[in-house]
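**Q** This is the structure I have questions about; it appears just below.
The values are calculated or read from the model by the stated rules, or taken from the named source; none is laboratory data. Fair warning: this is a prediction, and the values are worked out from it, not measured in the lab. Every residue, glycine as well, gets a Cβ built from its backbone with ideal geometry; the counts of neighbours run over all protein chains shown. With ligands, DNA and RNA removed, areas are computed over all heavy atoms of the protein, side chains included. Shrake-Rupley method; radii C 1.70, N 1.55, O 1.52, S 1.80 Å.
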Amino acid sequence: MFIETTGTGPDLVLLHGWGMHGGIFRPLREQLESRWTVHIVDLPGHGRSRQIAMPETPADLAAGLLARLPRAVWLGWSLGALVAQQAAISAPDRVPALAVLAGSPRFVVADDWPHAVDAAVFKLFAQDLAQDWRGTVERFLALEVVGSAHAQDELRDLRAQAFDHGEPSSQVLARGLEWLEQTDLRAALPMLHMPSLWIGGRRDRLVPAEALRAAAALAPRARERVIAGAGHAPFLHHSALIAQALDELAGAADDDGGGAAA
């Protein structure tokens, strides 16, 4: 699995979303690398890890990454947020703080979880993959920027970078959609005793701001941060704000006595 490490300071892991690769974090990396050691992962089947098969579950992927990465703060965006949450749940001694960016413990609606999208959304994308996987990815990218005050610029950036390091396979994309549709980590959130930050855009149509608040209410030491004017990819135009929030999160981890890095 390809992991790019840059910068100096406490260790921070960045996990990207569905159909993308770690290069999408460039604006955020530039804000962080002067004071963090940033480990940017290309998830299996994506970018420079495209020859690697996607594991069966987010827990399997988290375990593989934990074996390769140092003790670190983890940030996961969208699909990557499921993996970051799983790492914090399964190995709290290795994850002193957790940041969930435009992510949720559950991405689809339920009777007791209205803060999400209908499961039919992911089912439709999965059906379309077999017909036109590239078009399906581009439609998903368009959905990610809906509502953002910078929608046109963000869509241009996402489209320009989506296939920079190769094309993800339709099998990997289908597995990712299964994760988004089927994963539910809500029951485990009360076990997250490290500081956690749930941050996203007020205009996000995939992960509503209410999902951030509801998830933060389940974790003992959580807080949420909602960015006005942002959609599902807030790091593209609000990277300085996110970097500041990560610095504050690291400070909360330091207050625990162990620091953000070993």
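**Q** Scanning segment 46-55 for residues that are surrounded by fewer than 24 Cβ atoms within 10 Å (Cβ to Cβ) and touching a residue at least 40 places away in the same chain (Cβ under 8 Å), which turns out farthest from residue 185 (Cα to Cα)?
**A** Of all residues in segment 46-55, those surrounded by fewer than 24 Cβ atoms within 10 Å (Cβ to Cβ) come to 48-55.
So of that shortlist, the ones also touching a residue at least 40 places away in the same chain (Cβ under 8 Å) come out as 48-50, 52-54.
Details: 48: 28, 49: 26, 50: 27, 52: 25, 53: 23, 54: 19 Å.
In this case the residue turns out to be 48.
**Q** Filter segment 133-150 down to the residues that are open to solvent by 50 Å² or more (accessible area, probe 1.4 Å) and of a type in the set (Ser, Thr, Tyr) and list them by number.
**A** Scanning segment 133-150 gives no hits.
**Q** Related question: I'd like to verify a number: residues in segment 31-47 that are within 18 Å of the chain's Cα centre (by Cα) and charged (D, E, K, R), how many?
**A** Residues that pass the stated criteria total 1.
**Q** Quick one: in segment 2-19, of everything that is open to solvent by 10 Å² or more (accessible area, probe 1.4 Å) and either among the aromatic types (Phe, Trp, Tyr) or part of a strand (DSSP E or B) (or both), which residue is farthest from residue 30 (Cα to Cα)? Reasoning before the result, please.
**A** Our first condition is that a residue be open to solvent by 10 Å² or more (accessible area, probe 1.4 Å); within segment 2-19, this holds for 2-11.
Remaining after also requiring either among the aromatic types (Phe, Trp, Tyr) or part of a strand (DSSP E or B) (or both): 2-7, 11.
Working: 2: 19, 3: 17, 4: 13, 5: 13, 6: 10, 7: 9, 11: 15 Å.
Checking each candidate, the answer is 2.
**Q** Just checking, does segment 6-14 include any residue being small (Gly, Ala, Ser) and free of Cβ contacts under 8 Å to residues at least 24 places away in the same chain?
**A** Of segment 6-14, the ones small (Gly, Ala, Ser) are 7, 9.
When the remaining residues are screened for being free of Cβ contacts under 8 Å to residues at least 24 places away in the same chain, the result is none.
Checked against the condition, which is being small (Gly, Ala, Ser) and free of Cβ contacts under 8 Å to residues at least 24 places away in the same chain, segment 6-14 yields no hits at all.
**Q** Right, something else. Could you go through segment 34-41 and let me know if any residue there is under 22 Å from residue 238 (Cβ atoms) and open to solvent by 30 Å² or more (accessible area, probe 1.4 Å). Explain how you work it out, then say what you get.
**A** At the first step, the residues of segment 34-41 found to be under 22 Å from residue 238 (Cβ atoms) are 34-36, 38-41.
Of the ones still in play, those that are also open to solvent by 30 Å² or more (accessible area, probe 1.4 Å) are 34-35.
Yes: one or more hits.
**Q** Residue 84: open to solvent by less than 10 Å² (accessible area, probe 1.4 Å), assigned to a strand (DSSP E or B) and within 16 Å of residue 207 (Cβ to Cβ), yes or no?
**A** Details: open to solvent by less than 10 Å² (accessible area, probe 1.4 Å): yes; assigned to a strand (DSSP E or B): no; within 16 Å of residue 207 (Cβ to Cβ): yes.
No: the conditions fail for residue 84.
**Q** Same structure, new question: (1) open to solvent by 60 Å² or more (accessible area, probe 1.4 Å); (2) touching a Lys or Arg at 6+ places or on another chain (Cβ under 7 Å); (3) of a type outside the set (A, V, I, L, M); (4) farther than 30 Å from residue 128 by Cα: which one isn't true of residue 184, the others all being true?
**A** Here residue 184 clears every test but (4).
**Q** Take the residues in segment 65-77 that are loosely packed, with under 15 Cβ neighbours inside 10 Å and touching a residue at least 24 places away in the same chain (Cβ under 8 Å); name whichever of them is nearest to residue 2 (Cα to Cα). Reasoning before the result, please.
**A** Just the residues of segment 65-77 that are loosely packed, with under 15 Cβ neighbours inside 10 Å, to begin with: 67-68, 70.
Still in the running and touching a residue at least 24 places away in the same chain (Cβ under 8 Å): 68, 70.
Values: 68: 11, 70: 15 Å.
Out of the qualifying residues, it is 68.
**Q** Please work out which residue is nearest to the chain's Cα centre (by Cα), limiting yourself to segment 187-205 and to residues that are among the aliphatic types (A, V, I, L, M) and open to solvent by less than 10 Å² (accessible area, probe 1.4 Å). Explain how you work it out, then say what you get.
**A** Initial filter on segment 187-205 (among the aliphatic types (A, V, I, L, M)): 187-189, 191-192, 194, 197, 199.
Those left that are additionally open to solvent by less than 10 Å² (accessible area, probe 1.4 Å): 189, 192, 197, 199.
Numbers: 189: 16, 192: 17, 197: 12, 199: 10 Å.
Within segment 187-205, the match that is nearest to the chain's Cα centre (by Cα) is 199.
**Q** Determine whether segment 148-169 contains at least one residue that is assigned to a helix (DSSP H, G or I), under 30 Å from residue 221 (Cα atoms) and either without any contact (Cβ under 8 Å) to a residue 40 or more places away in the chain or out of contact with any Leu (no Cβ under 6 Å at 6 or more places or on another chain) (or both). Spell out the reasoning first.
**A** Going residue by residue through segment 148-169, those that are assigned to a helix (DSSP H, G or I) are 151-161.
Pick out the ones that are also under 30 Å from residue 221 (Cα atoms) and you get none.
Taking every residue of segment 148-169 in turn, none turns out to be assigned to a helix (DSSP H, G or I), under 30 Å from residue 221 (Cα atoms) and either without any contact (Cβ under 8 Å) to a residue 40 or more places away in the chain or out of contact with any Leu (no Cβ under 6 Å at 6 or more places or on another chain) (or both).
**Q** Scan segment 69-92 and tell me whether some residue there is at pLDDT below 95 and of a type in the set (A, V, I, L, M).
**A** Looking for residues that are at pLDDT below 95 and of a type in the set (A, V, I, L, M), one finds none in segment 69-92, hence no.
**Q** When you go through (1) assigned to a helix (DSSP H, G or I); (2) within 17 Å of the chain's Cα centre (by Cα) one by one for residue 244, which number turns out not to apply?
**A** Checking residue 244 against (1) assigned to a helix (DSSP H, G or I); (2) within 17 Å of the chain's Cα centre (by Cα), the one that fails is (2).
**Q** So how many residues does segment 30-60 have that are part of a helix (DSSP H, G or I) and within 15 Å of residue 3 (Cβ to Cβ)?
**A** Applying the first criterion (part of a helix (DSSP H, G or I)) to segment 30-60 yields 30-32, 47-49, 58-60.
Next, only the ones that are within 15 Å of residue 3 (Cβ to Cβ) stay: 47-49.
Of the residues in segment 30-60, 3 are part of a helix (DSSP H, G or I) and within 15 Å of residue 3 (Cβ to Cβ).
**Q** Out of the residues in segment 213-256 that are of a type outside the set (D, E, K, R), free of Cβ contacts under 8 Å to residues at least 60 places away in the same chain and over 18 Å from residue 92 (Cα atoms), which is least open to solvent (accessible area, probe 1.4 Å)?
**A** Taking segment 213-256 first, the residues of a type outside the set (D, E, K, R) are 214-220, 222, 226-246, 249-253.
If we keep only those that are free of Cβ contacts under 8 Å to residues at least 60 places away in the same chain too, we end up with 216-217, 219-220, 222, 226-228, 238, 241, 244, 251.
Now restrict to residues that are over 18 Å from residue 92 (Cα atoms): 217, 226-228, 238, 241, 244.
Values: 217: 84, 226: 33, 227: 7, 228: 70, 238: 36, 241: 52, 244: 97 Å².
Step by step, filter segment 213-256, then rank; the result is 227.
**Q** Next question. Return the pair list, or none, for Cβ contacts closer than 8 Å from residues in segment 119-147 that are among the acidic types (Asp, Glu) to residues that are open to solvent by 50 Å² or more (accessible area, probe 1.4 Å), at least 6 apart or on different chains.
**A** Between residues of segment 119-147 that are among the acidic types (Asp, Glu) and residues that are open to solvent by 50 Å² or more (accessible area, probe 1.4 Å), the close pairs are 128/139; 138/159.
**Q** Let me ask something additional. Based on what the data block shows, is residue 93 free of Cβ contacts under 8 Å to residues at least 40 places away in the same chain and either surrounded by 24 or more Cβ atoms within 10 Å (Cβ to Cβ) or not in a helix (DSSP H, G or I) (or both)? Break it down stepwise before answering.
**A** Working: free of Cβ contacts under 8 Å to residues at least 40 places away in the same chain: yes; either surrounded by 24 or more Cβ atoms within 10 Å (Cβ to Cβ) or not in a helix (DSSP H, G or I) (or both): yes.
Spelling it out, residue 93 is indeed free of Cβ contacts under 8 Å to residues at least 40 places away in the same chain and either surrounded by 24 or more Cβ atoms within 10 Å (Cβ to Cβ) or not in a helix (DSSP H, G or I) (or both).
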